[in-house]
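Report on the following structure.
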Amino acid sequence: MSEDNKIAGVLWGGRFEGGPSKSLEDISRSWHFDIRLAKYDISGSIAHARALSSVGILHVDEFETIERELKVIGDEVLKGSLVPSSGDEDVHGFLERILIERVGVETGGKLRAGRSRNDQIAAIIRMYLLDSEVLIRKYVVLMLEAIEEQATKAFTGINKKPVVMPGRTHLQHAQPVLLTHHLLAHGWALLRDLERLTDWKKRAKYSTYGASALAGDSLGLDENAIAKELGFLNLEPNSIDATASRDIVAEFSFILSLIAVNLSRFAEEIILWNTKEFDFIKLDDAYSTGSSIMPQKKNPDISELTRGKSGRIIGNFTGLLTTLKGLPLAYNRDLQEDKEPVFDSVDQLLLILPAFAGQLKTAQFNYKKMHLTAAGGFALATDIANWLVKRGVPFRIAHELTGECVQLCEERQLTDASDGFGEDYDLKHLSDSDFERILGGALKKYSISEEVCFAAGVREVLSIEGSVASRSSFSGTAPSSVSKQLINFIKKVNDFR
Ligand code: ARG
């Protein structure tokens, strides 16, 4: 290979007779995506050069020249005035080529001593991810703030009282819950994702410098000093693992997938709530789109794109795991394929998070419709069953008897247009004598209390307010519980701010 080629951004030309084929160059090239690591590569090179000067491999003035020039190169790459050329292979080779062009091979050519691209890339991908983590965290917090704002508003949303909505299982009406409670459910999931990121950082802050190609460095470089300069807290204990593993990248990618999945579930609800049939939410014009053909339309594109992009982010994660599966130790070139997917996950999430947070913050919930439909679909049936249980009736029997009440409503098509449901049948339309007939026998048999007119008692739990107030367990939907939950949530969000 010609002298030109040796400093043309390909770092391995020595033993080769001819230059690489075009197809090899094409498949090998990675600078078009790993250029985003230039900043970290330069910091890594400066720290490495300092270690080389400490052991006398670089003279002090050589080190200073390299440090100064690398910083200039870094600025130019950042500004975009310096870009790789097609003969360059990766960001490492490109930066070294430019350095040697500018300071000469006598000085610049010494930089590669004592390290390999294998330990270099393993370290700098971690540096990049640690910086990305800061950004992702910031935007997840933005999202949590939007949840906090809407949850707080909804707690006093109707006449200073909490807004109640239909709580669902299997997407069917199940039991009424507070809107605040429901919104916080999304919030806690995202808070756990932030905790996952915090935990991940502990493992990511290990430096791989000193691992060299795979077996370790033999020049006696101060790897602790390099790690410290680059912001790492520890050294990876095993050079083979340090260069071969990408679990740090995979774990990060997994956490991003989980954030995306959590947002996607919320997105799906917003899409449903935004339909005419639900009519639970009105999205701000600034966060919805129109249709090119149907002038009346207002579409929830942010939620749809969140749902769509979450699939792509999961794909990035599973793709990486598939790349890692079956790789023998230590470094294999396959590992170059770790970068594009994780870069894409970071990029996509940084698009999703601020858009979703804005969409939520500016959305108007239709409190009235939520409240009106909260008890629909016999959502208060469990309350009758529990009322019976509290009076000594075994739950299995209480469940059956309540089922009979529901059946009777359906048979008689007992309905009340004023409840906002039109054709929905509601337990409250059963008469006192209906209740007496269906429930009376069991109450007589098991009752531990002496209530005479129990129909009035049943009716008491057949109200939305009575139903939610009764669910006062720690995590339950009673306003007394949810108000504490909201305070705890806000405290937690503050911890992450
Ligand atoms: N560009 C490679 C990567 O991203 C780093 C270079 C290591 N290459 C090698 N032939 N040892 O993994």
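Table for the structure above
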item: Derived scalar couplings ³J(HN,Hα) [region 314-327; Karplus, 6.51 cos²θ - 1.76 cosθ + 1.60; whole Hz; x for Gly, Pro]; result: 5, x, 4, 5, 5, x, 5, 4, 5, 5, 6, 4, x, 7
item: Computed lengthening from K161 to L329, 0.36 nm per intervening residue step minus Cα-Cα distance; result: 54.3 nm
item: For the chain, fraction of C-alpha pairs farther apart than 30 Å, in %; result: 61
item: Ranking by accessible area, most exposed first, for H186, H170, H48 with a 1.4 Å probe; result: H170, H186, H48
item: J(HN,Hα) series, region 223-228, from Karplus relation 6.51 cos²θ - 1.76 cosθ + 1.60, nearest Hz, glycine and proline x; result: 5, 5, 5, 4, 4, 5
item: Area accessible to solvent at W188, 1.4 Å probe radius, in Å²; result: 70
item: Helix-only [θ]222 nm of the chain, DSSP H runs n ≥ 4, -39500 (n - 2.57) each, per residue, nearest 500; result: -20000 deg cm²/dmol
item: P(r) of region 291-396 over all Cα-Cα pairs, binned every 5 Å from zero, in whole percent; result: 2, 9, 11, 9, 10, 9, 9, 8, 8, 9, 7, 5, 2, 1, 0
item: Accessible-area ranking of K309, K22, K339, K160, largest first, probe 1.4 Å; result: K160, K22, K309, K339
item: Counting DSSP beta bridges with both ends in the chain, the antiparallel % (nearest 5); result: 85
item: Largest to smallest accessible area among I147, I397, I487 [probe 1.4 Å]; result: I487, I397, I147
item: With every protein chain in place, region 1-157: carbon and sulfur % of accessible area (1.4 Å); result: 53
item: Where labels lie 7 Å past Cα in the beta-carbon direction, separation of H170 and V389 in nm; result: 1.8
item: Under 16 Å from the Cα of K492 - lysines, other chains or at least 8 residues apart; result: K138, K484
item: Contact order relative to length of the chain, as percent, for alpha carbon pairs under 8 angstrom and 6 or more apart; result: 16
item: Added length on full extension, which subtracts the Cα-Cα distance from 0.36 nm per residue, K138 to V55; result: 25.8 nm
item: Overall Cα dimensions of region 211-365 - principal axes, largest extent first, Å; result: 71, 33, 24
item: Portion, in percent, of the accessible area of region 335-412 that falls on carbon or sulfur, probe 1.4 Å; result: 53
item: Region 206-336, relative contact order [Cα under 8 Å, separation at least 6], %; result: 27
item: Over 31 Å between alpha carbons, listed pairs K368/K491; K161/K428; K160/K445; result: K160/K445
item: In Hz, Karplus ³J(HN,Hα) per residue of region 126-141 (6.51, -1.76, 1.60; θ = phi - 60°; x = Gly, Pro); result: 5, 4, 4, 5, 5, 5, 5, 4, 4, 5, 4, 4, 4, 7, 5, 4
item: With DNA, RNA and ligands ignored, accessible area of I158 (1.4 Å probe; Å², nearest 10); result: 50
item: Filter on K153/K282; K153/K369; K79/K228 - keep pairs with C-alpha separation over 18 Å; result: K79/K228
item: Pairwise FRET efficiency - Q364 versus R36, Cβ, R0 = 45 Å, nearest 0.05; result: 0.70
item: Sequence-distant residues sharing a close amide H with I158 (under 5 Å, placed H); result: V163
item: Gain on full stretching of the segment that runs from I293 to D199 - 0.36 nm per residue minus C-alpha separation; result: 29.0 nm
item: Centroid-to-centroid separation of region 71-102 and region 273-289 [C-alpha atoms, Å]; result: 49
item: Percent of Cα pairs exceeding the 22 Å cut-off, where the set is region 111-205; result: 53
item: Dipole in debye (nearest 20) - the chain, about Cα centre, beta carbon charges: Lys, Arg +1; Asp, Glu -1; result: 1180
item: 27 Å Cα-Cα reach of K325 towards lysines, excluding residues that sit fewer than 8 places from it in its own chain; result: K201, K202, K205, K309, K339
item: Built amide H within the under 5 Å cut-off of H173, gap 5+; result: none
item: Check: region 1-157 dipole with +1 on Lys, Arg Cβ and -1 on Asp, Glu Cβ, in debye; result: 280
item: Virtual spin-label span in nm between D131 and L351, 7 Å along Cα→Cβ; result: 2.1
item: Amide hydrogen neighbours beyond the local backbone of L235, cut-off 5 Å, H modeled; result: S207
item: Carbon + sulfur, % of accessible area of region 260-327 - ligands and nucleic acids excluded, 1.4 Å; result: 55
item: Surface accessible to a 1.4 Å probe, per residue, for the residues of the chain, Å²; result: 47
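The values are calculated or read from the model by the stated rules, or taken from the named source; none is laboratory data. Bear in mind the structure is a predicted one, so any value in this text is a computation, not a measurement. All Cβ positions, glycine included, derive from the backbone under ideal geometry; neighbour counts span all protein chains shown. Surface accessibility is based on the protein's heavy atoms, side chains included, excluding ligands, DNA and RNA. Shrake-Rupley method; radii C 1.70, N 1.55, O 1.52, S 1.80 Å.
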